[in-house]
Amino acid sequence: MDRAGPLLQASRLMTLDWQVCSRARLSRDPRFDGKFFIGVIGSRVYCRPICPAPTAKEKNCRYFPTAAAAAEAGFRPCLRCRPECSPGTPAWLGTSNTVSRALRLIGESGLEDGGIENLAERVGVGSRHLRRLFIRHLGASPSAVAQTRRLHFAKKLIDETRLSMSEVAQASGFGCVRRFNAAIRKTYKRTPTQIRRLVRQAKSQPENQYLFTLRFRPPYHWKGMLAFLAARATPGVEVVEADTYRRSISLNGLPGYFEVSLDEVHNSLAVQVQIGDPRLLFLVIERIRCMFDLNADWPRIGKSLGPDPELAARLRAEPGLRVPGCWDPFELSVRAILGQQITVKGATALAGRLARSFGQTFSAPNGLTHLFPAPEALAHAKLTTVGLTTKRAETVRALARAVCDGQIGFQRIIDSEAFLTRLCAIPGIGAWTAQYVAMRALGEPDAFPSGDLGLLRALGLRNVRELEARAEGWRPWRAYAAMYLWSFPSPASAAKRSVSTSKDLVESLKHNVQASL
Ligand SMILES: [Zn+2]
């Protein structure tokens, strides 16, 4: 394909406004990091808007909506600003659900399986159409997007870990070292070993431990995120202390844990992962990115929600609040069922007892004692023994059985609507629970639990219909509006209150959402 193709389309169709890009580039504005890339014609290198290198002349710059588009146009990633470290492309692209779903699948598959035919089949369109959609929205073909992600993750592992090159090749989905070496040499004009020598050497880590830096576009309301997670942290499985979130995890039968804290200076989260197989790192990192909503384009969301008078003051006082995702959708769904009609505190205590009684024990020297129970462990469990009502116990079991039987799968969800319909078919799971799961487990930015008492109270409305009518104006970001209403009681008190400790926030959250979460 002709190289001007994606470029032209990029500038015409991508809603990339070059004047905005130019201003962002010249001011190195971090809010635009990851929203576009700059190709410099002379050097054939592409950069992030925040690149510390001297800025090129405007006439020598080309703008691309994604790194893959820049790569397809023949530009190489800059070794100074490291495009592989930029925050991800915002998942919600405004017009194409198909592209968002396909991107999600590319992320979840660990990049390895199927190829474009398979991808197209899964999202229910022809492969040529999918390719056209990708070019229109991302400026690059699906295979270029997958290849760029693979290369970027490999580069991250070379720079940030001490894994051997054959382990890096495996973990980033290249299969064999020869393909990996060839791809790195072609892209960077250097061997993997030369690249590793270039970067500040990663600090020595204990075996199976890895440190990563995951960037976001500011602002990021870390205290709000942490407070929300803290109030719901399942004892033994999750710990929030000293501004750090930590949890036990299990993937392919391998137990491990990760820890996340804020690195405000670098607009990023510092992540430490402990897992026995480096091939799982890609998946772990993708999941953490979703859980902490790192791809969100907050300034855009804030602008859309701003006109609502109830939200405006909250947005001004507490910018950057994200929608907390989850580590494991099954676990989140069980939590949502446990939380029906009881307080957050009550549901958290129940979840702790559930984990202690039915989860595998796990020993780490940091307060984590259990893994959250797998569906198999809950499918026939006597859940009333840990304090669930007979009805809730049956709902949890029915969900667990549906997962074991393959009637419900939480991985690779193509069609959220169809998935939620299946979820609601389980007795005891209603619209509120389904919307809450859509919001936090599927990352649907427009999911909205309109039956929520906390939301009704926050706005002083009397019924669901009034709330739904009010929320029409918040589309497609209703999940973010819900987070603001849950997290910050009222504009007046939010403005007065200095939100200095996450403890204050935890209290306000507990108070505010206890009726419904
Ligand atoms: Zn650069």
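Things worth noting here:
- The conditions of being part of a loop (DSSP other than H, G, I, E, B) and more than 21 Å from CYS85 (Cβ to Cβ) are not met by PRO218.
- Any hit, segment 73-86, residues being open to solvent by less than 60 Å² (accessible area, probe 1.4 Å), in contact (Cβ under 8 Å) with a residue 40 or more places away in the chain and more than 25 Å from the chain's Cα centre (by Cα): yes
- In segment 271-307, residue most open to solvent (accessible area, probe 1.4 Å) [restricted to those that are among the charged types (D, E, K, R) and touching a Pro at 6+ places or on another chain (Cβ under 8 Å)]: ARG300
- The set of residues in segment 376-394 that are surrounded by fewer than 19 Cβ atoms within 10 Å (Cβ to Cβ) and either in contact with a His (Cβ under 7 Å, 6 or more places away or on another chain) or without any contact (Cβ under 8 Å) to a residue 24 or more places away in the chain (or both) comprises ALA377, HIS380, LYS382, THR384, THR389, THR390.
- Qualifying residue in segment 72-94 (condition: more than 16 Å from the ligand (Cβ to nearest atom), modelled with pLDDT under 90 and on the phi > 0 side of the Ramachandran plot): yes
- Residue match in segment 301-322 (condition: in contact (Cβ under 8 Å) with a residue 12 or more places away in the chain, among the hydrophobic types (A, V, I, L, M, F, W, C) and not in a helix (DSSP H, G or I)): yes
- Hey, GLY175 open to solvent by 20 Å² or more (accessible area, probe 1.4 Å) and within 23 Å of THR98 (Cβ to Cβ) or not: no
- In summary, GLU376 fulfils each of the numbered conditions (1) in contact with a Cys (Cβ under 8 Å, 6 or more places away or on another chain); (2) in a loop (DSSP other than H, G, I, E, B) with the single exception of condition (2).
Condition check ((1) away from the ligand (no atom under 14 Å from the Cβ); (2) not aromatic (Phe, Trp, Tyr)) across all residues:
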residue: TRP18; (1), (2): yes, no
residue: ARG23; (1), (2): yes, yes
residue: PHE36; (1), (2): no, no
residue: VAL40; (1), (2): no, yes
residue: SER43; (1), (2): no, yes
residue: ILE50; (1), (2): no, yes
residue: THR55; (1), (2): no, yes
residue: LYS59; (1), (2): yes, yes
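- Among the residues making up segment 256-273, a single one is free of Cβ contacts under 8 Å to residues at least 40 places away in the same chain and assigned to a helix (DSSP H, G or I): VAL265.
The values are calculated or read from the model by the stated rules, or taken from the named source; none is laboratory data. Since the structure is predicted, the reported quantities are computational estimates derived from the model, not experimental observations. FYI the Cβ positions are ideal-geometry reconstructions off the backbone, even for glycines, and counts take in every protein chain you see. What goes into the accessible areas is simple: the full protein's heavy atoms, side chains included, and nothing from ligands, DNA or RNA. Shrake-Rupley method; radii C 1.70, N 1.55, O 1.52, S 1.80 Å.
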